[in-house]
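The values are calculated or read from the model by the stated rules, or taken from the named source; none is laboratory data. Predicted model, so just to flag it, every value in this text is computed and none were measured. No Cβ is skipped: glycine too gets one built from the backbone with ideal geometry, and neighbour counts run over all protein chains shown. Surface accessibility is based on the protein's heavy atoms, side chains included, excluding ligands, DNA and RNA. Shrake-Rupley method; radii C 1.70, N 1.55, O 1.52, S 1.80 Å.
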Amino acid sequence: MKTVYHSAESRGYANHGWLKSHHSFSFANYHNSERNHFGVLRVLNDDYVEGGMGFGRHPHRDMEIISIPLEGDLRHGDNMGNSGIIKRGDIQVMSAGTGIMHSEENATQQPVKFLQIWIIPNKTDVTPRYDQINIEEKSVQNDFQQILSPDADDDGVWIHQDAWFNLAKFDKGFSKEYKINKSGNGVYVFVIKGKAKIGDQILDERDGLGIWDTNTFTLEAQENSEILLMEVPMELPR
């Protein structure tokens, strides 16, 4: 098993006043040649947006974009006619494909915190699409809850990539083995809150650990914890 550890403090950081963003991988003005991506996981941004502020309408192309709100309400709008609010307990996905325009804005005067994740797709020039579901309704304690996969008929949202995302809400002291879904995939583990252990590596809040060249690993909660596991192909599309 191979691993790469990224402490919360080692992430890139941008402070635009209304927006404070931590970057696990190179993004915008933050560039780290050793942290451009983890397999096809291209972006993992931990964003904080002040009340009433947000990202105006802007374009994307040929990228799978996932938003997971952690706190507050985020208003979405796009040129496909989709509009509405995403909040904690939801997950949103967009396949940018041939091109989309969208905006994301804080829908209240209270801060919004959310994770924005970009996955490099296995297909380009697809028809743009949007989906949003509530994942809190199927939330489970002390188990892995699948929230994303390649299969539209499976649990969670789906994307154009052989990727699987799981949320783990573990009580202190609970441990469980994670099994890789597809040979050649790796898993990027991100601690949303709490503290976890994988092998000899302790992960504090907002730490990340990339894991590959293994079929399984065991995740143990050192505190009551919420953890996001992002399984992705390690080989970039040709």
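Report, by chain and number, residues whose modeled amide H sits under 5 Å from the one on ASN122, excluding near sequence neighbours (fewer than 5 apart, same chain).
Close amide H contacts, sequence-distant or interchain: GLN161.
Around MET53, which amide H atoms from residues at least 5 apart in sequence, or from another chain, sit under 5 Å from its own amide H, with H modelled in the peptide plane?
Answer set, sorted by chain and number: ASN106.
Tell me the volume per residue, in Å³, of the convex hull enclosing the alpha carbons of the chain.
Value for the chain: 121 Å³ per residue.
Order these peptides, 159-168, 23-32, by their mean beta-carbon neighbour count within 10 angstrom, highest first.
Packing order, densest peptide first, comes out as 159-168, 23-32.
Using the Karplus equation 6.51 cos²θ - 1.76 cosθ + 1.60 (θ = phi - 60°), what ³J(HN,Hα) coupling, rounded to whole Hz, does each residue of the stretch 185-195 give in order, writing x for Gly and Pro?
Karplus values, whole Hz, x for Gly and Pro: 7, x, 10, 9, 9, 10, 8, 6, 8, x, 8.
Using amide H atoms built 1.01 Å from N in the peptide plane, name the residues 5+ places from MET63, or on other chains, whose amide H lies under 5 Å from its own.
The answer is ALA96, GLY97.
For the stretch 185-238, give the magnitude of the charge dipole about the Cα centre (Cβ charges: +1 Lys/Arg, -1 Asp/Glu; no others), in debye to the nearest 20.
Roughly 120 debye, rounded to the nearest 20.
With a 1.4 Å probe and every protein chain kept in, tell me what percent of the accessible surface of the stretch 2-233 is carbon plus sulfur.
Ligands and nucleic acids excluded, carbon and sulfur give 43 percent.
Using the Karplus equation 6.51 cos²θ - 1.76 cosθ + 1.60 (θ = phi - 60°), what ³J(HN,Hα) coupling, rounded to whole Hz, does each residue of the stretch 25-33 give in order, writing x for Gly and Pro?
10, 3, 7, 6, 7, 8, 10, 9, 4
What does the charge count near ASP213 come to, summing +1 for each Lys or Arg and -1 for each Asp or Glu among other residues with Cβ under 15 Å from its Cβ?
Summing Lys/Arg as +1 and Asp/Glu as -1 gives +1.
Probe of 1.4 angstrom, ligands and nucleic acids ignored: what's the accessible area per residue over the chain, in square angstrom?
Value returned for the chain: 45 Å² of accessible area per residue.
Could you tell me whether the stretch 2-123 comes out rounded, prolate or oblate from its Cα gyration tensor? Rule is a ≥ b ≥ c as square roots of the eigenvalues, rounded for a/c under 1.5, then prolate if a/b exceeds b/c, otherwise oblate.
Oblate, since a/c reaches 1.5 and b/c is not below a/b.
Classify the stretch 172-238: rounded, prolate or oblate, from the alpha-carbon gyration tensor (a ≥ b ≥ c, eigenvalue square roots; a/c under 1.5 rounded; otherwise prolate if a/b is larger than b/c)?
Cα axes put the stretch 172-238 in the prolate bin.
Compute the signed sum of charges (Lys and Arg +1, Asp and Glu -1) over the other residues within less than 12 Å, Cβ to Cβ, of GLY54.
Here the charged neighbours net out to -3.
If you plug each phi of the stretch 205-210 into the Karplus form 6.51 cos²θ - 1.76 cosθ + 1.60 with θ = phi - 60°, what whole-Hz ³J(HN,Hα) values come out, in order, with x for Gly and Pro?
For the stretch 205-210, the Karplus curve yields 4, 6, 6, x, 9, x Hz.
Just add up the charged neighbours of VAL112: K/R +1, D/E -1, any other residue whose Cβ is under 14 Å from the Cβ of VAL112.
Net local charge, VAL112 excluded: -3.
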